[in-house]
1. For segment 25-93, which chymotrypsin sites (Phe, Trp or Tyr not before Pro) are in a loop by DSSP, counting at most 16 other Cβ atoms within 10 Å?
2. Suppose R0 equals 41 Å; then what is the FRET efficiency for E64 and D44 from their Cβ-Cβ distance, rounded to the nearest 0.05?
3. What distance in nm separates the simple spin-label points at A83 and L52, each placed 7 Å from Cα in the Cβ direction?
4. If you keep only loop residues by DSSP, which trypsin sites (Lys or Arg not before Pro) in segment 48-93 have at most 12 other Cβ atoms within 10 Å of their Cβ?
Amino acid sequence: MKIWGDIPGITGVYGKNKSVNKIVETTEIKPKKDVISISDKAKDYQLAMKHLKDIPDIRKDKVEEIAKKLHSGNYDINGNEVADKIIKSIFDTKI
């Protein structure tokens, strides 16, 4: 059996597919831009870390003062006080 003519249900489906393809082809995908915002607290932290890095690890003035006292024989320190401070610093350290 041969069917001649236009079958509306079938040709309508093919027509819709063509229009969908055109829409997909013409739609441009715009890249999204990443946006980042830094809180005031983070900015303060960053500034504090920058200033902290500028401070020397060794206080040269203090070291020179103690070195002069040692060489002259005037450096007198109580060993018990040093031991107490060492022990206190160990137990005060938070984990």
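None of the figures in this text is laboratory data; all of them are computed from the coordinates on show. Quick caveat: nothing in here was measured; it's all calculated off a predicted structure. Because the Cβ atoms are built from the backbone with ideal geometry, glycine has one as well, and the counts that use them run over all protein chains shown.
1. Loop-located and lightly packed - Y75.
2. 0.75
3. Each label point lies 7 Å from its Cα, and together they span 3.4 nm.
4. Of the trypsin sites (Lys or Arg not before Pro), the ones in loops of segment 48-93 whose Cβ has at most 12 other Cβ atoms within 10 Å are R59.
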